[in-house]
């Protein structure tokens, strides 16, 4: 038997395992929290939702918590994680820089500023819309900065960090001078928060993030060409300028919708593509799809930990991802493969 079928079989198995883990994370998210709902009661409530009389009758409280609080929260965690992870994988391919991700390059802070401004006008819906628009605008600013970027990955990331810090200062200014009844507090934008997720917010965010991910998946072949270098990509017929613009707009929209709905959840776009690359390979069609699953799993797992480690209090999901992503980032910048 040749090696290729075995490799492809292994990749299909890896995707199947990731899907199974995401489903298990959703189930765990439904049962765990300040109020623990036994798995049998979760299963009974889900069965009755589909018209199946399985198990004992779940309590009204359990049903309300499951369908009105935990399920939309778990699904938003999955959507947010998938969007941030795919955006990170795309940025790493666009700039041939394994340190790239939406937060470190300033796109997520830009989306947060748009989210704050949108929330001051239109509440939660305005935050998602504002985040999407601002994420796209910040991505275009990043493209302009990238024209004069240094060849050193670490210096390029420092440029993005400086952009993000400048934008974050404006986020703080708008939050502290705006209407506190409409704008989420500063810790929401800095640390992320999935509490209070509603079905309408989930629906809007899912549509926008899905469109962004679809656009990036459609550009998978272009990302593969860019890994060869811009000169070789042009010789192979790729319009590099147009590709950068279109894909960066998709990255901005994907990141912006996620940030507008859940705040800035750091390092998901950095860690997830590296984990996915080791499992499904470096080809961008597979990598983007694998990153979406890993990102969903990462954010859902972080949210479960945040709800259970200090129950009944909640640790912001962004603190959990920072606790993992920060050391990972330090390891990357010490590795010559990524910093030379």
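The numbers here are math on the coordinates, done by the rules we state, and not lab data. Because the structure is a prediction, the values reported are computed rather than measured. No Cβ is skipped: glycine too gets one built from the backbone with ideal geometry, and neighbour counts run over all protein chains shown.
Values as computed for the structure displayed
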quantity: Exposure proxy ranking, count of Cβ atoms within 10 Å, fewest first, for 179, 224; calculated: 179, 224
quantity: Among 67, 54, 170: highest mean-square fluctuation, GNM of the chain, C-alpha pairs under 10 Å; calculated: 54
quantity: If the convex hull is drawn through the Cα atoms of the stretch 74-339, its volume per residue in Å³; calculated: 110 Å³
quantity: Equivalent ellipsoid semi-axes - Cα gyration tensor, the stretch 1-116, angstrom; calculated: 35, 25, 9
quantity: Value of [θ]222 nm, deg cm²/dmol, for the chain, DSSP H segments ≥ 4, -39500 (n - 2.57) each, nearest 500; calculated: -25500 deg cm²/dmol
quantity: Choice from 201, 132, 61 with maximal GNM fluctuation in the chain (Cα, 10 Å cutoff); calculated: 61
quantity: Inter-probe distance in nm under a simple model that places probes 7 Å from Cα toward Cβ, at residue 177 and residue 28; calculated: 4.4 nm
quantity: Fluctuation leader among 250, 25, 89 - the chain, Gaussian network, Cα springs under 10 angstrom; calculated: 25
quantity: For 155, 98, order by how many other beta-carbon atoms lie within 10 Å, fewest first; calculated: 155, 98
quantity: Residues 199, 189, sorted so that the one with the fewest Cβ neighbours within 10 Å comes first; calculated: 199, 189
quantity: Crossing angle, helix 240-262 versus the chain [Cα axis fit, 0-90 degrees, rounded to tens]; calculated: 20 degrees
quantity: Rounded to 10°, Cα long-axis angle of helix 107-146 versus longest principal axis of the chain; calculated: 20 degrees
quantity: Acute angle (nearest 10 degrees) that the helix 268-280 long axis makes with the longest principal axis of the chain, alpha-carbon atoms; calculated: 80 degrees
